[in-house]
Amino acid sequence: MKMFVCIKYVPDTSEAEVKVNPDGVSVDSSRFSFDINDADNYAVEESVLIKEANEGDITVLSIGPKQSDVMIRMAMAKGCDRAVRIEDERIAGYDPLMVAKVLGGAVKGQEFDLVLTGCMASDDWHMTTGVALAEELGVNHVSMVKKVEILDGKKVKAYRELEGGLMEVVEVELPVVLTIQTGINEPRYAPIRGIREAQKKELKVANLDDLGIDAAEVNADASLVVLEQLYIPQVESSAEFIEGEPDVKAEKLASILVKGGLV
Amino acid sequence: MGNILVLAEHRQGVLRDVSFEMMAVAPKLADQMGAEVVALLIGSEMDGLAQKMAAYGVKVLVVDDPLFKDFNADKYQKVLSALIDDLKPAVLMTGHTAQGVDFMPALAVEKKLPLVADAVSLEFAGGVLKATRQLYSGKANAVMAFKPAETYLLTFREGTVEAPDASAGGSVEKLDSPLKEDLSYRKFVGYVEAEVGDVDITQSEILVAVGRGLKEDKNLPLIEELAKAIKADIAGSRAATDAGWIPHDRQVGTSGKAVKPKLYIAMGISGAFQHVAGMKGAKTVVAINKDPEAPIFAVADYAIVDDMFKVVPKLTEKLKELKG
Ligand SMILES: Cc1cc2nc3c(=O)[nH]c(=O)nc-3n(C[C@H](O)[C@H](O)[C@H](O)COP(=O)(O)OP(=O)(O)OC[C@H]3O[C@@H](n4cnc5c(N)ncnc54)[C@H](O)[C@@H]3O)c2cc1C
């Protein structure tokens with residue numbers, strides 16, 4: 001199995017305050033902590049599981065800054081074989097169709113059986129890149145995959161997760177792009193030996209020119225959409241905020257629940 | 001100007017809510033664009049569903065053929081590709097659902113058309129179509145403007161608006177299927193139903209739900225004790241079920257269950273829309289989260305901004321005391 005796995009370095013904004021920069025189209029990320037996108041972490045694990053069961057070879061692809069090398073090394077420590085990090089300011093990163101074109105350009109011309117991506121990036125929530133990438137490559141895809149079986153090396157049986165936890169089972173011919181949903185496996189911790197070995201694996205840094213991709217096809221002019229404005233929405237909460245020290249809050253809440261007949 | 005073509009989504013013989021919700025969104029956009037709303041159904045034996053869509057006062061186009069008995073992303077893409085050429089719609093809109101996301105990106109690439117995914121509101125002004133969408137855990141909104149194109153592609157988020165009341169004046173028209181034979185490279189095999197567990201949380205009166213904020217499963221006893229004190233069942237966000245702390249059948253949200261308890265206590269849950277979609281039917285919502293900006297507070301009735309590990313032990317103790 002020749003595989004590519006596409007991963008993204010994303011900020012964890014679940015506990016962070018988000019502020020828009022004066023340019024109005026970017027956010028101040030100086031205080032965010034970054035790591036691998038949740039779903040991509042599962043995609044890496046799935047590629048390594050497939051490699052362990054079927055033999056194979058995994059190339060990591062990521063578009064991102066130098067700081068993301070730590071994340072890429074971690075994926076190699078878990079069993080991926082080499083990596084290409086694409087860094088180029090000309091890419092219209094807000095448009096997943098442009099991102100897919102860049103990833104497609106990085107894969108094209110090489111043989112592969114599987115490309116794995118996460119089904120959604122937790123920063124911009126498009127759920128678009130993987131399926132668009134399949135079309136760029138002219139191959140099949142299955143999105144939101146919660147279980148994969150490789151059949152006789154020519155086909156995959158993939159279980160797609162639908163609303164309500166129902167699964168749609170499909171069989172598609174290889175090569176195929178799978179967009180992986182969280183919970184498909186249990187991502188491992190990188191073994192110490194793997195971490196050491198990862199330092200010796202190849203991590204190539206490339207820009208669009210190195211990959212033979214025409215910047216005019218993936219930049220803001222090429223994108224058919226414009227990121228016009230970012231703003232912080234007013235959160236309208238009609239909640240009663242209970243104040244005080246933690247103990248006081250707990251006591252107040254307990255009496256509200258009991259007096260209100262809620263418990 | 002072409003029409004606003006809305007793909008009505010259905011599964012296992014039933015129209016999905018998003019199909020009706022788009023009947024609230026599309027007419028407003030149609031007014032602004034000076035266009036008409038046309039619904040589209042792709043499937044097999046669609047007469048009944050077509051009538052249901054027509055009840056929204058729109059023309060319903062139907063591609064009805066046994067080849068579409070089961071959903072197949074590639075078949076949908078082929079039909080929509082042909083219909084874009086034939087009908088030249090100004091907008092093609094689908095739900096931002098497991099179906100929509102499975103073919104719209106590929107269709108956009110194939111047709112070289114712009115796509116905005118997961119739109120939560122739409123506006124057409126000064127000749128420009130704009131779609132608003134969320135990012136960064138729902139803490140920022142982005143306004144995406146489409147550059148002029150023959151057809152704008154959109155996936156619209158489910159559960160964002162209320163479905164309108166039905167009106168009169170709809171009609172149904174059958175179209176020839178552009179797909180003449182089955183595909184060999186992608187086959188639908190079947191459905192697998194979600195697992196069933198020991199407790200059916202859709203029937204629970206009180207739910208205590210935890211998310212990633214639980215940090216590790218060794219913190220679970222704290223939650224179990226609270227649940228025991230108030231005879232609640234325990235549920236979780238996807239982060240909590242993915243981590244294996246909470247059984248999968250107790251996941252609340254779009255890909256889990258929709259619950260409607262009397263009381264829902266959310267702890268260490270940020271309130272992603274996929275989660276909120278599953279718990280907004282709760283009568284009273286208590287949210288405990290250390291992030292004052294957490295979106296969960298927007299749907300809470302009682303809110304505590306604090307570390308759950310500092311609040312919960314005392315809460316349990318006090319509840320035990322008050323309830324005797
Ligand atoms: C197709 C699809 C379907 C999905 N379906 C679902 C679904 O059905 N249900 C679902 O829940 N999600 C679903 N998700 C995932 C969803 O997008 C979120 O990732 C998920 O809900 C986040 O879970 P969380 O709130 O527990 O974690 P996070 O978003 O990481 O939030 C953790 C929260 O805990 C708080 N916290 C941390 N420590 C503490 C502490 N000590 N005390 C108090 N608060 C603390 C933080 O401030 C933060 O707000 C789906 C995603 C996709 C792509």
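What follows is calculated from the coordinates using simple rules that are stated; it is not laboratory data. The structure presented is a predicted model; accordingly, all values stated were derived computationally and were not measured. Positions of Cβ are generated from backbone atoms using ideal geometry, with glycine treated the same way; all protein chains shown enter the neighbour counts.
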How large is ³J(HN,Hα) for each residue in region A:181-197, as worked out from phi by the Karplus curve 6.51 cos²θ - 1.76 cosθ + 1.60 (θ = phi - 60°), to whole Hz, x for Gly and Pro? 8, 4, x, 5, 8, 10, x, 7, 8, 5, x, 3, 4, x, 5, 5, 5
Let me know the mean shielding of B:261-270 by other chains, meaning the per-residue number of their Cβ atoms within 10 Å of its Cβ. 2
Give me Rg over Rh for region A:153-263, both radii from the alpha carbons and Rh done the Kirkwood way, two decimal places. 1.17
Computed over region A:4-127, Kirkwood Rh from alpha-carbon pairs, angstrom: 15.3
For region A:251-258, Karplus couplings with θ = phi - 60° (6.51, -1.76, 1.60), whole Hz, Gly/Pro x: 5, 4, 4, 4, 6, 4, 5, 6
For region A:85-188, restrict the atom set to alpha-carbon positions and state the Rg and Dmax in Å. 14.1, 42
So, by mean Cβ neighbours within 10 angstrom, what's the order for B:157-167, B:171-181 with the highest one leading? B:157-167, B:171-181
Nonlocal amide H pairs with residue A:141, under 5 Å, H built at 1.01 Å: A:177
For region B:301-316, Karplus couplings with θ = phi - 60° (6.51, -1.76, 1.60), whole Hz, Gly/Pro x: 9, 10, 10, 10, 8, 5, 6, 4, 6, 8, 8, 4, x, 5, 4, 4
For a quick protection proxy, order the peptides B:206-212, B:234-240, B:277-283 by their average other-Cβ count within 10 Å, most packed first. B:234-240, B:206-212, B:277-283
Over the protein assembly as shown, how many percent of alpha carbon pairs lie in each 10 Å bin up to the one with the longest distance? 3, 17, 26, 27, 18, 7, 1, 0
Once the Cβ-Cβ distance between residue A:67 and residue A:202 is put in as r, and R0 is 22 Å, what FRET efficiency do you end up with, to the nearest 0.05? 0.70
Label-point separation (nm) for residue A:29 and residue A:111, each offset 7 Å from Cα along Cα-to-Cβ? 3.6
Between residue B:1 and residue B:216, what is the label-point separation in nm under the 7 Å Cα-to-beta-carbon projection? 5.9
Order these by the 10 Å Cβ neighbour count, fewest first: A:189, A:42. A:189, A:42
For region B:110-238, alpha-carbon Rg over 2.2 N^0.38 Å: 1.66
Nearest-20 debye value, region A:2-217 charge dipole, Cβ charges on Lys, Arg, Asp, Glu: 700
Determine, at each q value in 0.15 (inverse angstroms), the log₁₀ of I(q)/I(0) that the Debye formula gives when each Cα of chain A is one equal point scatterer. -1.09
Suppose every Lys and Arg Cβ carries +1 and every Asp and Glu Cβ carries -1, with no other charges. What dipole size does the protein assembly as shown come out with about its Cα centre, to the nearest 20 debye? 840
Quick one: of the DSSP bridges fully inside the protein assembly as shown, what percent are antiparallel, nearest 5? 35
Hey, if you drop one equal point scatterer on each alpha-carbon of chain B and run the Debye formula without solvent, what base-10 log of I(q)/I(0) do you get at q = 0.09, 0.16 Å⁻¹? -0.56, -1.25
Shielding by partners - mean other protein chain Cβ count within 10 Å, residues of B:294-306: 6
If you restrict to DSSP beta bridges whose two residues both lie in chain A, what percentage is antiparallel, to the nearest 5? 40
What base-10 log of the normalised intensity I(q)/I(0) is obtained for region B:201-322 from the Debye formula, alpha carbons as equal point scatterers, at q = 0.12, 0.15 Å⁻¹? -0.35, -0.57
Apply the Kirkwood formula to region B:4-175: the hydrodynamic radius equals the inverse of the mean of 1/r over all pairs of different alpha-carbon atoms; give it in Å with one decimal. 16.1
For chain B, with the dipole built from +1 on Lys and Arg beta-carbon atoms and -1 on Asp and Glu ones, taken about the Cα centre, which of B:315, B:149, B:166 lies farthest toward the positive end? B:315
Averaged over A:54-66, how many beta carbons belonging to a partner chain fall within 10 Å of each residue's beta carbon? 0
Using amide H atoms built in the peptide plane, which far-off residues or other-chain residues are under 5 Å from residue B:38 H to H? B:4, B:5, B:6
